[in-house]
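The values are calculated or read from the model by the stated rules, or taken from the named source; none is laboratory data. The shown structure was predicted, so the numbers you read here are calculated from the model rather than taken from an experiment. All Cβ positions, glycine included, derive from the backbone under ideal geometry; neighbour counts span all protein chains shown. What goes into the accessible areas is simple: the full protein's heavy atoms, side chains included, and nothing from ligands, DNA or RNA. Shrake-Rupley method; radii C 1.70, N 1.55, O 1.52, S 1.80 Å.
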Amino acid sequence: MGKTENNKAWFLVLPVFVIVAFSAIIPLITVVNYAFQDILGPQDRYWVGTEWFKEVLTDDALQEALLRQLVFSTAVLLVEIPLGIVLALGMPARGAGASAALVLMALPLLIPWNVVGTIWQIFARGDIGLAGWFINGPLGLDYNYTADSFDAWITILVMDVWHWTPLVALLCYAGLRAIPDAYYQAASIDGASRWAVFRHIELPKMRGVLLIAVLLRFMDSFTIYTEPFVVTGGGPGNATTFLSIHLAKIAVGQFDLGPAAAISIVYFLIILTLSFVFYNVMIRVGTGSSKS
Amino acid sequence: MARIELRDLAHAYGPRPEREEDYALKRADFAWEDGGAYALLGPSGCGKTTMLNIISGLVRPSEGKVLFDGKDVTGLSPAARNIAQVFQFPVVYDTMSVGENLAFPLKNRGLPRAEIEERVREVAQMLELSPMLHQRAAGLAADAKQKISVGRGLVRSDVAAILFDEPLTVIDPHLKWRLRRNLKEIHARFRRTLVYVTHDQNEALTFADKVVVMHEGQIVQTGTPQELFEEPAHRFVGFFIGSPGMNFLPVEGDEAGLRLEGTDIVLGRELAAQARGRSGRLELGIRPEFLELHEAPVADGLEAALTEVQDLGNFKLATVRLGPHLLKVKLHEDAAVPQARGWLRLPPTRTRLYAGGRLIG
C-alpha cells in the first residue's frame, strides 16, 4: 500500500484538459447543440430532437455523397497502399541515391493542399495543361474533366495518388530500414525466394507502419475537401461532390446549421467506426487469431 | 558436408584498399576439415564475422577463393553453396508456426512433404521443441527463438557446414550450457562441419575440437584447447586465453643468456640460442599456473617482492614484483603463501620465448 492519496495531482493534467477542451470537446459539443436544436439566435432556440437526423439520413443527396466518399476512399487505399509499398521497396537503402529519393518523395507532401488543387486544375486542362493537352492530342483520347464525370474522378484520384502515395512510401521505407540485416541474411541462407522474403519478413515487419498509413490515408481521404473543391468544385453536376463538399454546401452555402450539424455528427461517427474496424483488423491479422 | 578451403583470401570493405589496415581480413590460406567442430575465437572486431560471412557467401571476398571440396564456390550465393548459418540474434519468421519455421528451408528447396515432416519432427525432438511445433514463433522467448534458428540450420541433411555467429549471446547462462551440450551431441551424431564464432574463451574451449584464434584480421593459431594453453603461438593467444593471461617479461639477449630488461637478472639460458639473430622485441612468456613461488630460497629461484594476494575461492592469485616488472602467480587454494618476499622459479619446460610477438622457442 503506502500510496499517498493526493487529489491535487489532478491539477497536473489540467493544461492538457484545457487544450483538448478547446481543440476538440467544446467545438464538438457546439455541433451537438446545433444538431438537436433549431437555433435562430442566442435567446431563440427550439428543441427538435432527432428531426434533423431523420431529415438528412433520408436525403438522397447525402446518401449519394456518402456512397461516392466510400468508393473514393476504397480506391485511394487500394491504389496508394500497394503503390507506396512498391515504391519503398524500390528506394535505395543508402548512399546519395537514398537522400535524393527521400527529397523527391517528400516534395508533394510539402505543397499546400489548395496549391496542389490549383496545380492539377491547370495541369489537366485540355487547352493549356500539359497532361490534358497530351491526353487529348498525342494520345488521341477524349478527355475533359470539367465535362465528363469519369474524367473528373480519374483526375481527382490521380491527384490524390500523386499527393499522398509518398507518405505511404516514406512510412514503409522507415519500416523497411528498421529490419535487421540478419533477417535478409537468414532468408538467403534458407533459400527463400524474393516473394517469400516480402511475405514472411518485410510485410510482417511493416505491420505497424502500414497500420498508421492505412488509418491516415483513410481518415484524410474520407474528409477530402480542398483539392476536389479547387479542381472540380464538386462537378460536373454532383459527380465529385464528396461528403465534405456536400456538408460545406449545406453549412456555409445554404446556412442550414441544424442539418449540417447532424451530418457532421454522422460523418464523425462513420470515420470513428471505420478507423476502429481498420485498427482492430490490422492488429489481429497474421498474429495467430487467423491462420496464415 | 565438405572440406572448406580458403585460398589466398583477403577482404576489405572499402574500395581500393592500399595499406594493411584497410583489410578487415588479411591474406590467409586456411582449411576447415570435413566433420570438424571448430571454434573461431577472437576479440570483437577481429574479423571473425567477416570470415564466417565469406564462408557462407553473404560477403564476397575482395581477393582470393573459397573452395568446397576443391570446387570453387567464390561466386555462388549462400543458397547455392548449401550452407547453414545461425546469427547472433534469433531470426524467426513471425508469420509462421515453429514447425513451419523449421520446414521453411526444406520447403524452399522443394522437398517432398513426407520427408519435410519427418526431418522437422526429428530436429524438433533434438532441440526439445516438439511440444511447441504448432505454436506461433512470434511470441516465444529468446532462447526458444534461437533454438528455432539453430533448428533451421540442422534440418537440412546435406549442408556443407553449419556456421554459428555468437549464437548464445542472448541466452541465459544456464540455458547456454544446455544448448551448447545439445550442439555437441548433434555434432557427435552427424559429424557435420561446425564453425562456431565466439569471443568467449570458455565457450570456445568447451565446444570445439579445434580452436582457431583470430587477431586483427589474421589467424594467429589453430590448435586443440590444450595446445593453445601450453604453446601459444602468438603473444596475443597467450594473453587472450587463460585467466589471467600469460605473463610476459621483456628480455635482452647477451652472452650469458637472456637478461631481464632494467635488471641484472639472467633468465632462460636454455632459450638464449634461439634468440640470437632475431629481430623484434624479445619476451619470455610463462603462464601464471606454471610459475612457482617458494617461501625459502630454491635453486634457480629469483627473489621477488609480493605486492598482493587475492583469494579467489578455489585458487589464490599472487602479484609479485621482479625488478620493475609485475607477474601474476596462480597458487593452489591450500598453498602456503610467502610473507612480503618469496622465491620465484620459471620451470624451463614451461617457459616460452617470443620475438616480435611470435613464438620462437
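Some notes on this structure:
- In Hz, Karplus ³J(HN,Hα) per residue of the stretch B:309-320 (6.51, -1.76, 1.60; θ = phi - 60°; x = Gly, Pro): 10, 10, 9, 10, x, 8, 7, 10, 10, 9, 10, 10
- Lysines with Cα under 24 Å of residue B:184, excluding same-chain neighbours fewer than 8 positions away: B:48, B:145, B:147, B:176, B:210
- Residue A:55/residue A:86 FRET efficiency (R0 51 Å; Cβ-Cβ; nearest 0.05): 0.65
- Equivalent ellipsoid, the protein assembly as shown (semi-axes from 5 times Cα gyration tensor eigenvalues, Å): 73, 31, 26
- Residue order by solvent-accessible surface for B:170, B:155 is B:170, B:155, largest first, with ligands and nucleic acids left out and a 1.4 Å probe.
- Distance (nanometres) between label positions extended 7 Å along Cα→Cβ at residue B:114 and residue A:141: 5.6 nm
- Leading residue at positive end of dipole, the protein assembly as shown (Cβ point charges), from B:347, B:201, B:92: B:347
- Nearest-20 debye value, the protein assembly as shown charge dipole, Cβ charges on Lys, Arg, Asp, Glu: 1100 debye
- Averaged over the residues of peptide B:101-113, the number of Cβ atoms from other protein chains lying within 10 Å of each residue's Cβ is 2.
- Cross-link partners of residue B:316 among lysines (Cα-Cα below 20 Å; sequence separation of 8 or more within a chain): B:328, B:330
- Positive minus negative residues near residue B:216 (Lys, Arg vs Asp, Glu; Cβ under 14 Å): +3
- Between residue B:308 and residue B:206, the modelled labels are 2.8 nm apart [label points 7 Å from Cα along Cα→Cβ].
- Area accessible to solvent at residue A:212, 1.4 Å probe radius, in Å²: 80 Å²
- Contact order relative to length of chain A, as percent, for alpha carbon pairs under 8 angstrom and 6 or more apart: 27 percent
- Most to least packed among A:177-183, B:208-214, B:24-30 [average Cβ atoms within 10 Å]: B:208-214, B:24-30, A:177-183
- Per-residue ³J(HN,Hα) for the stretch B:29-36, Karplus 6.51 cos²θ - 1.76 cosθ + 1.60, θ = phi - 60°, Hz, x for Gly and Pro: 10, 7, 9, 9, 6, 4, x, x
- Packing-based ranking of A:128-134, B:172-178 yields A:128-134, B:172-178, ordered from highest to lowest mean Cβ neighbour count within 10 Å.
- Amide hydrogen neighbours beyond the local backbone of residue B:322, cut-off 5 Å, H modeled: B:327
- Distance between the pseudo-spin-label points of residue A:32 and residue B:298 (7 Å out from Cα toward the beta carbon): 9.2 nm.
- Once divided by 2.2 N^0.38 Å, the Cα radius of gyration of the stretch A:59-284 becomes 1.17.
- 11 Å beta-carbon shell around residue B:200, net charge (K/R +1, D/E -1): 0
- Per residue of peptide B:67-80, the mean number of Cβ atoms on other chains within 10 Å of the residue Cβ is 1.
- Selection from B:224, B:267, B:182, by position along the positive dipole direction of the stretch B:150-301 (Cβ): B:182
- Evaluating 6.51 cos²θ - 1.76 cosθ + 1.60 at θ = phi - 60° for every residue in the stretch A:6-16, the Karplus couplings come out as 9, 6, 5, 4, 4, 4, 5, 8, 4, x, 5 Hz, glycine and proline recorded as x.
- Helical runs (DSSP H, four residues minimum) scored at -39500 (n - 2.57) apiece and divided by the length of chain A put the mean residue ellipticity at 222 nm at -20500 deg cm²/dmol.
- Sorting the segments B:338-344, A:28-34, B:317-323, A:256-262 by their residues' average number of neighbouring beta-carbon atoms within 10 angstrom, most packed first, yields A:256-262, B:317-323, B:338-344, A:28-34.
- Less than 5 angstrom separates the built amide H of residue B:31 from those of B:6, all sequence-distant by 5 or more or on a different chain.
- Average beta-carbon neighbours from other chains, 10 Å sphere, peptide B:159-169: 0
- Sequence-distant residues sharing a close amide H with residue B:37 (under 5 Å, placed H): B:194, B:209, B:210
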